[in-house]
Amino acid sequence: MKLESSRFGVIELPPERLFHFPEGIAGLPGKSWALYSPPGATGYAWLLSAEDPSKGIVLAQAQRLLPSYTPRHRPEEADAVQAGPREYWIVVRQAPTPGQLLLNLFAPIVLNPETRLGVQVPLVGSEFGLAELFPSEGSV
Amino acid sequence: MLSLARRPGQKIRIGENIILIVREIRGRQVKIGIEAPANVRVLREEIYEEIAAANAAASLETEAPAALLEALGR
């Protein structure tokens, strides 16, 4: 499939990289999103809107970026992706301070590569925040 | 918007599977019980709004942050 993106132009993607988010993604339009790994990218990818070329967010593979991160939620809270393997991705953005990131550890994106369904799962009651500094202040 | 007057202990049913119960009214605060299927996401509105704002802010990135590439060993 071809996908138009304001960041990457027209890109060709295999159909299995297209995910449907039945609940949508809070704050962003549409329910159809493509997981695009730019050439050479490892451990991260862009989640690009298949409906609005200007919309996209950077995701990091939770296991790669933060191996100790253990998102805990009731299994039913990710029922939207149905049964099968569940990959956890962290929404990443640049922090105001150079060299640091803001990680949304509170609401990871869960993708099921078999059903090609996705959902963002808020970890209500967890200690995680929506904008956690990484590396944290103490480790810079 | 539909508005319904309810007293403590009274319920509101939404569709077949969701019931709201007014459990307690104390001063300016109302305690509401929610019976819903486990796969129905129930969130305080302000939490939803915070997630939406965080996602919208993340969508302003035009390239993968250099700090991310560094953290991933590139």
Please specify each residue of segment B:3-37 satisfying the condition of being within 19 Å of the chain's Cα centre (by Cα) and aliphatic (A, V, I, L, M). B:I12, B:I14, B:I18, B:I19, B:L20, B:I21, B:V22, B:V30, B:I32, B:I34, B:A36
What are the residues in segment A:38-62 that are under 10 Å from A:I90 (Cβ atoms) and of a type outside the set (V, I, T), if any? A:Y44, A:L59, A:A60, A:Q61, A:A62
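Can you name every residue in segment A:129-140 that is modelled with pLDDT of 95 or more and part of a loop (DSSP other than H, G, I, E, B)? Outline the logic, then answer.
Filtering segment A:129-140 for residues modelled with pLDDT of 95 or more gives A:129-133.
Passing the criteria: A:G129, A:L130, A:A131.
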A careful count of residues in segment B:32-47 that are in contact with a Pro (Cβ under 9 Å, 6 or more places away or on another chain) and either loosely packed, with under 15 Cβ neighbours inside 10 Å or farther than 30 Å from A:S49 by Cβ (or both) gives 2
For the subset of segment B:48-73 comprising residues that are more than 7 Å from chain A (Cβ to nearest Cβ) and in a loop (DSSP other than H, G, I, E, B), which member is least open to solvent (accessible area, probe 1.4 Å)? B:G73
Pairs with Cβ under 7 Å, 6+ apart, first in segment B:33-56 and in contact (Cβ under 8 Å) with a residue 12 or more places away in the chain, second part of a loop (DSSP other than H, G, I, E, B) and open to solvent by 40 Å² or more (accessible area, probe 1.4 Å): B:I34/B:V42; B:A36/B:N17; B:A36/B:V42; B:P37/B:N17
Filtered residues of segment A:114-139 (kept if more than 11 Å from every other protein chain (Cβ to nearest Cβ) and under 13 Å from the mean Cα position of the chain (by Cα)): A:L117, A:G118
Residue under evaluation A:V81, criteria (1) farther than 20 Å from A:R116 by Cβ; (2) surrounded by 13 or more Cβ atoms within 10 Å (Cβ to Cβ); (3) β-branched (V, I, T); (4) more than 9 Å from every other protein chain (Cβ to nearest Cβ), criterion not met: (1)
Could you please find all residues in segment B:18-31 being open to solvent by 100 Å² or more (accessible area, probe 1.4 Å) and either within 14 Å of chain A (Cβ to nearest Cβ) or charged (D, E, K, R) (or both)? B:R23, B:R26, B:R28, B:K31
In segment A:44-65, residues that are surrounded by fewer than 18 Cβ atoms within 10 Å (Cβ to Cβ) and farther than 15 Å from B:E63 by Cα total 5
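Regarding segment A:102-112, can at least one residue be identified that is facing chain B (nearest Cβ under 9 Å) and at positive phi?
Looking only at segment A:102-112, we keep the residues that are facing chain B (nearest Cβ under 9 Å), and these are A:102, A:104, A:106-107.
Still in the running and at positive phi: none.
No - not one qualifying residue is present in segment A:102-112.
The values are calculated or read from the model by the stated rules, or taken from the named source; none is laboratory data. The shown structure was predicted, so the numbers you read here are calculated from the model rather than taken from an experiment. All Cβ positions, even for glycine, are placed from backbone atoms using ideal geometry, and neighbour counts span all protein chains on display. Side chains are part of the model used for accessible areas, which takes the heavy atoms of the whole protein and leaves out ligands, DNA and RNA. Shrake-Rupley method; radii C 1.70, N 1.55, O 1.52, S 1.80 Å.
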